[in-house]
1. Among the residues of segment 154-166, is any closer than 26 Å to Asp65 by Cβ, at pLDDT 95 or above and in contact with a Pro (Cβ under 7 Å, 6 or more places away or on another chain)?
2. What number of residues in segment 165-191 are among the charged types (D, E, K, R) and under 16 Å from Ala106 (Cα atoms)?
3. Give me the pairs: first residue in segment 69-89 and closer than 13 Å to Leu138 by Cβ, second residue assigned to a helix (DSSP H, G or I) and among the β-branched types (Val, Ile, Thr), beta-carbon distance under 6 Å, and six or more apart or on different chains, which are they?
4. Filter segment 16-31 for residues that are part of a helix (DSSP H, G or I), under 23 Å from Gly97 (Cβ atoms) and modelled with pLDDT under 95 and give the result.
5. Counting only residues that are assigned to a helix (DSSP H, G or I) and touching a helix residue (DSSP H, G or I) at 6+ places or on another chain (Cβ under 7 Å), how many does segment 1-15 have?
6. Being of a type in the set (Val, Ile, Thr) and buried (at least 16 other Cβ atoms within 10 Å of the Cβ) is the filter; apply it to segment 100-137 and report the residue that is nearest to Asn151 (Cα to Cα).
7. For segment 173-195, give me the residue count where each residue is part of a helix (DSSP H, G or I) and within 16 Å of Leu138 (Cα to Cα).
8. Please go through (1) part of a loop (DSSP other than H, G, I, E, B); (2) in contact (Cβ under 8 Å) with a residue 12 or more places away in the chain; (3) loosely packed, with under 15 Cβ neighbours inside 10 Å for Arg96 and return the number of the only condition it doesn't satisfy.
Amino acid sequence: MSSELSPKAAEIVAQTRSLLVAGGYNSFSYADLAQRVNISKASIHHHFPSKATLVQTVVRLYRRDAQAGLATLETQFDDPLSELNAYADYWAGCIRGGEHSFCICAMLATEMPTIPPEVATEVQAHFQDLNTWLAGVLQRGAERGQFHLLNSPTVSARAFMAVVHGAMLVARALDDPMSFPTIVQPAILKLTQAA
């Protein structure tokens, strides 16, 4: 997962990410994690002195991976509409596959009042990064005539971000992976239609 982590630390990070997707920050302890990676709690503390440090690391790596993925979309596709569809398709595939069926930052955002400040800062930075990327895609699409925005690109990006994360929540709540694209695709179509 990360070249700067030892193999055991990378395993701890991967298992923590899975636990975060499943239930968020407050749903697991180092004892739960120790069982998953088959080491003692003290050994986990050797790699990550506190749960806050561990989850901050997980979110920081998640942000880095997300930024790389979004940058790849920009180089892979020739137009903003294709980028937006590819972003939605990525999450649709994750939800169908089940392994990474929810954005860990969306899960952690629901716990903002109770998570440590250093984790909250990383979560907020993820949403700022995503909003900046989406606003850029929408701005470029509007300039090309692909998108017809009712608000500024920044506000429109926040609205689309809310649709995507809300659709994740609905897919999880209903245990229906197909509800994700049935919610997100009309939102994309609406962006392409003149008011």
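The values are calculated or read from the model by the stated rules, or taken from the named source; none is laboratory data. Not measured: the values here are computed from a predicted model. Cβ placement follows ideal geometry from the backbone for every residue including glycine, while neighbour counts extend to all protein chains displayed.
1. To start, the set of residues in segment 154-166 that are closer than 26 Å to Asp65 by Cβ comprises 154, 156-166.
Still in the list and also at pLDDT 95 or above: 154, 156-166.
Checking which are in contact with a Pro (Cβ under 7 Å, 6 or more places away or on another chain) leaves us with none.
Scanning segment 154-166, I find no residue that is closer than 26 Å to Asp65 by Cβ, at pLDDT 95 or above and in contact with a Pro (Cβ under 7 Å, 6 or more places away or on another chain), so the answer is no.
2. Quick first cut of segment 165-191, residues among the charged types (D, E, K, R) only: 172, 175-176, 190.
When the remaining residues are screened for being under 16 Å from Ala106 (Cα atoms), the result is 172.
Count: 1.
3. The qualifying pairs are Pro80/Val137; Glu83/Val137; Leu84/Val137; Leu84/Ile188.
4. Within segment 16-31, Arg17, Ser18, Leu19, Leu20, Val21, Ala22, Gly23, Ser27 qualify.
5. Going through segment 1-15, the residues assigned to a helix (DSSP H, G or I) turn out to be 7-15.
Subsequent filtering for residues that are touching a helix residue (DSSP H, G or I) at 6+ places or on another chain (Cβ under 7 Å) retains 8-9, 11-13, 15.
Qualifying residue count for the region: 6.
6. Taking segment 100-137 first, the residues of a type in the set (Val, Ile, Thr) are 104, 110, 114-115, 119, 121, 123, 132, 137.
Next, only the ones that are buried (at least 16 other Cβ atoms within 10 Å of the Cβ) stay: 104, 115, 119, 123, 137.
Details: Ile104: 28, Ile115: 32, Val119: 31, Val123: 25, Val137: 14 Å.
Among residues in segment 100-137 that are of a type in the set (Val, Ile, Thr) and buried (at least 16 other Cβ atoms within 10 Å of the Cβ), the one nearest to Asn151 (Cα to Cα) is Val137.
7. Filtering segment 173-195 for residues part of a helix (DSSP H, G or I) gives 173-174, 179-192.
Among the residues that remain, those that are also within 16 Å of Leu138 (Cα to Cα) are: 184-192.
Matching residues across segment 173-195 total 9.
8. (1)
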